[in-house]
Amino acid sequence: MSFEITDQRLDPDALKMALTREAAGACVSFEGWVRDHNDGEAVTALEYEAHAPLANKEGQQIFEEAVERFDLLAALGRHRVGRLEIGECAVWVGVSAAHRGVAFDACRYIIDELKKRVPIWKKEHYRSGPSGWINSATGSASADRETSS
């Protein structure tokens, strides 16, 4: 079980393979992709920043909670930082368990808690020119948008 902030491109297939266990009857994963819009604005790219030591520590805590709470066999998560283009995978979470119900519940729990608790900041770049920091928990733009540099 592990969580990691990374500046490397995510490979969902490789991550999923790391969850394989003989006792597993289910594997559930979530991929969060960069989309081309938010709050009525056309988005051209995203930038993610994180305080990696704190983000990794809190992310690891969430995964430990999930393993204990849902009796998981394996759990992995990665979140990218840096500039990401439309369609790229920004976050990946996956779990394996004996049964599908707990696997679905655990995967949702992990991604929801990551969004709420892990210090990761997202900046959207808009087609109209300005850029804006986004509240990761709500997906809403901050009131103070700045000009792209």
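The values are calculated or read from the model by the stated rules, or taken from the named source; none is laboratory data. Fair warning: this is a prediction, and the values are worked out from it, not measured in the lab. We place every Cβ from the backbone using ideal geometry, glycine too, and count neighbours over all the protein chains shown.
Taking the stretch 23-38 as the range and being touching a residue at least 24 places away in the same chain (Cβ under 8 Å) and closer than 18 Å to Glu85 by Cα as the test, the residues that pass are Glu31, Gly32, Trp33, Val34, Arg35, Asp36, Asn38. Within the stretch 1-13, the set of residues being under 12 Å from the mean Cα position of the chain (by Cα) and over 26 Å from His125 (Cβ atoms) comprises just one member, Phe3. Once the stretch 30-86 is narrowed to residues that are of a type in the set (Gly, Ala, Ser) and more than 13 Å from Met1 (Cα to Cα), the residue that is modelled with the lowest pLDDT is Gly40.
Per this entry, Asp7 is counted among residues that are loosely packed, with under 12 Cβ neighbours inside 10 Å and either aromatic (Phe, Trp, Tyr) or touching a Gly at 6+ places or on another chain (Cβ under 7 Å) (or both).
Just for the stretch 97-130: of the residues that are hydroxyl-bearing (Ser, Thr, Tyr) and out of contact with any Asp or Glu (no Cβ under 6 Å at 6 or more places or on another chain), which one is modelled with the highest pLDDT?
From the stretch 97-130, those hydroxyl-bearing (Ser, Thr, Tyr) are 109, 126, 128; that's our starting set.
Narrowing the set further to residues that are out of contact with any Asp or Glu (no Cβ under 6 Å at 6 or more places or on another chain) leaves 109, 128.
On the way: Tyr109: 98, Ser128: 92.
Among those that are hydroxyl-bearing (Ser, Thr, Tyr) and out of contact with any Asp or Glu (no Cβ under 6 Å at 6 or more places or on another chain), it is Tyr109.
Give the residues of the stretch 59-72 that are surrounded by fewer than 20 Cβ atoms within 10 Å (Cβ to Cβ), in contact (Cβ under 8 Å) with a residue 40 or more places away in the chain and not polar (S, T, N, Q), sorted by residue number. Residues satisfying the conditions are Glu64, Glu65, Val67, Arg69.
Being surrounded by fewer than 17 Cβ atoms within 10 Å (Cβ to Cβ), without any contact (Cβ under 8 Å) to a residue 12 or more places away in the chain and out of contact with any Cys (no Cβ under 9 Å at 6 or more places or on another chain): is that true of His51 here?
On the way: surrounded by fewer than 17 Cβ atoms within 10 Å (Cβ to Cβ): yes; without any contact (Cβ under 8 Å) to a residue 12 or more places away in the chain: no; out of contact with any Cys (no Cβ under 9 Å at 6 or more places or on another chain): yes.
No.
Of the strands (runs of 3 or more DSSP E) lying entirely inside the stretch 14-88, the ones with 2 or more residues being under 22 Å from Arg127 (Cβ atoms), out of contact with any helix residue (DSSP H, G or I) (no Cβ under 8 Å at 6 or more places or on another chain) and not polar (S, T, N, Q) are found at 41-50, 82-85. Filtering the stretch 121-135 for residues that are of a type outside the set (Gly, Ala, Ser), surrounded by fewer than 19 Cβ atoms within 10 Å (Cβ to Cβ) and in contact with a helix residue (DSSP H, G or I) (Cβ under 8 Å, 6 or more places away or on another chain) leaves an empty set. Does Ala143 satisfy being part of a loop (DSSP other than H, G, I, E, B), at pLDDT below 95, over 16 Å from Leu19 (Cα atoms) and under 16 Å from the mean Cα position of the chain (by Cα)? No; evaluated as a whole, the condition is false for this residue.
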